[in-house]
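Novice: My questions all concern the structure below.
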Amino acid sequence: MRLKDRVAFITGAGRGIGKAIARRFAREGAKVCLTDIDEAGVYTSAEELEKEGLTVFAVRVDVTDRGQVEAAVEETVNRYGRLDILVNNAGVIRDNLLFKMSDEDWETVMNVHLKGAFYCSRAAQKYMVEQKYGRIINISSTSALGNRGQANYAAAKAGLQGFTKTLAIELGKFGITCNAVAPGFIDTEMTRATAARIGVDFDQLLEMWVKEIPVGRVGKPEDIATACLFFASEEASYVNGQVLYVAGGPKD
Ligand code: NAP
């Protein structure tokens with residue numbers, strides 16, 4: 001029960017990594033607000049966790065909509081009395097080589113990852129500063145180091161690392177830490193969609209990836225949830241502004 005009585009707000013929690021983080025945090029005693037743009041997905045995920053006896057609720061939130069973000073953060077505080085942990089996890093990919101990348105592909109990716117994290121963090125810090133306690137965790141990616149076909153996504157995920165370090169500097173004095181987890185290849189709908197887009201069978205894609213990963217397997221959403229739990233815990237109060245690559249091997 002490492003997060004006993006803590007209150008968490010997680011974006012993109014309707015499935016994949018966000019859902020795994022929500023489950024892990026709730027099992028550790030946190031009360032969790034699951035948010036996602038996918039209304040059906042987020043309500044179904046919350047129901048699943050409630051059936052386990054966990055304390056959670058769901059709200060449909062598009063992180064690029066400031067009004068929706070601020071209303072959901074406020075609803076969480078009204079319901080559970082405080083806000084301790086924010087995980088900026090919502091994400092999209094719109095991969096293409098630079099010369100084929102549309103303005104819309106660029107803007108969509110920037111908006112969801114960067115504007116979304118900005119809106120959520122700004123809304124959450126208001127309560128965290130008052131409490132003199134908070135944990136902000138941003139989900140970056142190994143793509144931040146560069147990845148063919150992902151100029152938009154790589155720029156956004158690298159941007160999130162700069163955002164993380166800056167919040168760490170600004171908010172540290174209020175007892176708030178900000179860190180990032182940068183996953184490598186994780187088996188989720190997102191990576192399945194990538195396989196479909198490039199016309200490769202998903203099992204074939206997994207085989208290709210596994211050869212490159214020192215631990216000899218691809219990641220699971222739970223691997224990322226474990227890393228987030230560390231940053232979210234009270235004991236990690238001296239760890240601030242860090243980027244933890246969770247990729248089955250070293251990254252630069
Ligand atoms: P996922 O299965 O696609 O889940 C992402 C969730 O975010 C989806 O439910 C998606 O809803 C939601 N979302 C998209 N746009 C949103 C918006 N504007 N507002 C609120 N929610 C929105 O992806 P995942 O693999 O779990 O990825 C989670 C995070 O990890 C992302 O930030 C991703 O970039 C990062 N990551 C993933 C991997 C990987 O290998 N899977 C590696 C590195 C980093 P819709 O489906 O309706 O759009």
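Novice: Between the alpha-carbon centers of the range 60-106 and the range 132-151, tell me the distance in whole angstrom.
Specialist: 14 Å
Novice: Taking R0 as 25 Å, what FRET efficiency do you get between Phe230 and Asp5 from their Cβ-Cβ distance, rounded to the nearest 0.05?
Specialist: Details: r = 19 Å, r/R0 = 0.74.
After rounding, the FRET efficiency stands at 0.85.
Novice: Compute the relative contact order of the range 111-221 as a whole-number percentage, counting only Cα pairs closer than 8 Å that sit 6 or more residues apart in sequence. Intermediate results must be reported in sequence, preceding the final value.
Specialist: Numbers: 125 pairs, mean separation 27.7, N = 111.
This gives 25 percent for the range 111-221.
Novice: Over the range 174-252, what relative contact order in percent results from Cα pairs under 8 Å that are six or more residues apart?
Specialist: Details: 84 pairs, mean separation 41.2, N = 79.
Computed value for the range 174-252: 52 percent relative contact order.
Novice: Here's something else I'd like to know. Using a cut-off of 16 Å between alpha-carbon atoms, which lysines can reach Lys4, once sequence neighbours fewer than 8 places away in the same chain are excluded?
Specialist: Qualifying lysines at Cα under 16 Å: Lys31.
Novice: If amide hydrogens are placed 1.01 Å from N in the peptide plane, which non-local residues have theirs closer than 5 Å to the one on Ile176?
Specialist: When sequence neighbours closer than 5 places are left aside, the close amide H contacts are Gly134.
Novice: Pairs of Cα atoms under 8 Å, at least six residues apart: use those to get the relative contact order of the chain, whole percent. Intermediate values should be presented prior to the final figure.
Specialist: Numbers: 518 pairs, mean separation 47.8, N = 252.
Value for the chain: 19 percent.
Novice: Nearest 500 deg cm²/dmol is fine: what mean residue ellipticity at 222 nm does the chain get from its DSSP H runs of n ≥ 4 alone, each adding -39,500 (n - 2.57), divided by its residue count?
Specialist: Values: 9 runs with 118 residues, N = 252.
Only helices count here, giving -15000 deg cm²/dmol.
Novice: For Lys115, list the lysines whose Cα falls under 19 Å from its own Cα; do not include residues on the same chain fewer than 8 positions away.
Specialist: Within reach: Lys126, Lys157, Lys165.
Novice: I need the phi-derived Karplus couplings for the range 173-182: 6.51 cos²θ - 1.76 cosθ + 1.60, θ = phi - 60°, integer Hz, Gly and Pro marked x.
Specialist: 5, 9, x, 10, 9, 9, 9, 10, 10, 10
Novice: Given Cα positions, please report Rg to Rh for the chain, the hydrodynamic radius being the Kirkwood one.
Specialist: Details: Rg = 17.2 Å, Rh = 18.1 Å.
Taking Rh as the inverse mean 1/r over Cα pairs, Rg/Rh reads 0.95.
Novice: In addition: Charges at C-beta only: +1 for Lys and Arg, -1 for Asp and Glu. How large is the resulting dipole of the chain about its Cα centre, in Debye rounded to 20?
Specialist: Numbers: 31 positive and 33 negative charges, 133 e Å.
The calculation lands at about 640 debye.
Novice: Highest first, please rank the peptides 112-120, 173-181, 59-67 by the mean number of other Cβ atoms sitting within 10 Å of their residues. Before the final figure, lay out each step's value.
Specialist: Numbers: 112-120: 23.8, 173-181: 21.7, 59-67: 19.3.
Ranked by mean Cβ neighbours within 10 Å, highest first: 112-120, 173-181, 59-67.
Novice: While we're here: So, R0 is 25 Å and r is the distance between the beta-carbons of Glu222 and Arg79; what FRET efficiency does that work out to, to 0.05? Provide the component values of the computation, followed by the final result.
Specialist: Details: r = 27 Å, r/R0 = 1.06.
Rounded to the nearest 0.05, the efficiency is 0.40.
Novice: Still on this structure, please answer the following. Compare Asp252, Asp5, Asp103 by solvent-accessible area with a 1.4 Å probe and give them largest first, with all protein chains kept in place. All intermediate terms of the calculation are to be shown ahead of the outcome.
Specialist: Details: Asp252 160, Asp5 85, Asp103 120 Å².
Ranked from most to least accessible, the order is Asp252, Asp103, Asp5.
Novice: Can you give me the solvent accessible area of Met190 with a 1.4 Å probe, rounded to the nearest 10 Å²?
Specialist: 60 Å²
Novice: Helices from the chain with mean Kyte-Doolittle at least -0.5 and a Cα length along the axis of 15 Å or more, per DSSP H: which? Before the final figure, lay out each step's value.
Specialist: Numbers: long enough: 16-27 (17 Å, -0.08); 39-51 (18 Å, -0.73); 66-80 (21 Å, -0.85); 116-131 (23 Å, -0.37); 151-171 (29 Å, 0.37); 202-212 (16 Å, -0.21); 221-232 (16 Å, 1.04).
Qualifying helices: 16-27, 116-131, 151-171, 202-212, 221-232.
Novice: On to the next question. Testing the spin-label approximation: label points 7 Å from Cα along Cα→Cβ at Lys132 and Arg66. State their distance in nm.
Specialist: 3.1 nm
Novice: From zero outward in steps of 5 Å, how is the percent of C-alpha pairs of the range 1-127 spread across the bins?
Specialist: 2, 13, 22, 23, 18, 11, 6, 4, 2, 1, 0
The values are calculated or read from the model by the stated rules, or taken from the named source; none is laboratory data. Nothing here was measured: the structure is a model prediction, and the numbers come from that model. Using ideal geometry, Cβ is built from the backbone for each residue, glycine included, and neighbour counts are taken over all protein chains shown. Each accessible area value is taken on the protein alone, full model and side chains, heavy atoms only, with ligands, DNA and RNA left out. Shrake-Rupley method; radii C 1.70, N 1.55, O 1.52, S 1.80 Å.
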